[in-house]
Amino acid sequence: MSKFYIETPFDNYLIFQIDKKINEIYFAPKREGLGLSGELRKLVLSVFEQCNFSFFDYSLLNVGSLSEKQLKLHNFLISTECGETLYYSEVAEKLFGSRKYARGVARLLSANRFAFFVPCHRVLAKNGIGGYSAYQGVELKRKILQWESAAF
């Protein structure tokens, strides 16, 4: 498995772990691997430049090991728009029929292997911003949401 990096508008790097498909995307404070190049680099830069996630080719993600619930949440999140936010309880009701599954949604979100491109950062807690398991945690989530709001 190879690692590739690209600088983000959020003062850090996105790391792509790639075999035949993208197995994981995560934030890191330092470069890991080689600089991202080729068509994937162009797609990512288009997303950064225009805050338009439709440029990204989601068929590149290796979703084969996701559970049925993870895949359902994954597909829901990629259908959300830049600048859109939802509460954990709203996502739970829409996907699983009850707001009482909000904690379950939070657990599923914490296991998101495709940071930023499966935009779990758009899901908030009713009493605040909520958590973010990525490097820099809640501060990074704030930066991403501010960037999306400004672009939106």
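The values are calculated or read from the model by the stated rules, or taken from the named source; none is laboratory data. All values reported here derive from a predicted model rather than from experimental measurement. Cβ: placed from backbone, ideal geometry, glycine included. Neighbour counts: every protein chain shown.
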So PHE56 clears everything in (1) buried (at least 16 other Cβ atoms within 10 Å of the Cβ); (2) within 21 Å of GLN136 (Cβ to Cβ) except one condition, right? Which one? (2)
Would the range 18-30 turn up any residue that is within 14 Å of the chain's Cα centre (by Cα), at pLDDT 95 or above and among the charged types (D, E, K, R)? yes
So the check is Cβ under 8 Å with 6+ separation or different chains; which pairs have a first residue in the range 94-123 that's touching a residue at least 40 places away in the same chain (Cβ under 8 Å) and a second one that's in a strand (DSSP E or B) and of a type in the set (Asp, Glu)? ARG113/GLU24; PHE114/GLU24
Residue, modelled with the lowest pLDDT, within the range 80-110, restricted to residues that are of a type in the set (S, T, N, Q) and under 24 Å from GLU148 (Cβ atoms): SER110
Among (1) surrounded by 17 or more Cβ atoms within 10 Å (Cβ to Cβ); (2) touching a Leu at 6+ places or on another chain (Cβ under 8 Å); (3) in the same structural domain as ASN127 (by TED's automatic domain parsing), which single condition is LYS72 missing? (1)
Just to verify a result, which residue in the range 59-69, among those that are out of contact with any strand residue (DSSP E or B) (no Cβ under 8 Å at 6 or more places or on another chain) and surrounded by 15 or more Cβ atoms within 10 Å (Cβ to Cβ), is farthest from PHE16 (Cα to Cα)? LYS69
Under the condition of being touching a Leu at 6+ places or on another chain (Cβ under 9 Å) and part of a loop (DSSP other than H, G, I, E, B), which residue from the range 76-110 is nearest to ASN12 (Cα to Cα)? GLY83
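Go through the range 31-45 and give me each residue that's assigned to a loop (DSSP other than H, G, I, E, B) and either touching a strand residue (DSSP E or B) at 6+ places or on another chain (Cβ under 7 Å) or crowded, with 16+ Cβ neighbours inside 10 Å (or both). Steps first, answer last, please.
We begin by selecting, within the range 31-45, every residue assigned to a loop (DSSP other than H, G, I, E, B); these are 31-33, 36-37.
Across the range 31-45, the qualifying residues are ARG31, GLU32, GLY33, LEU36.
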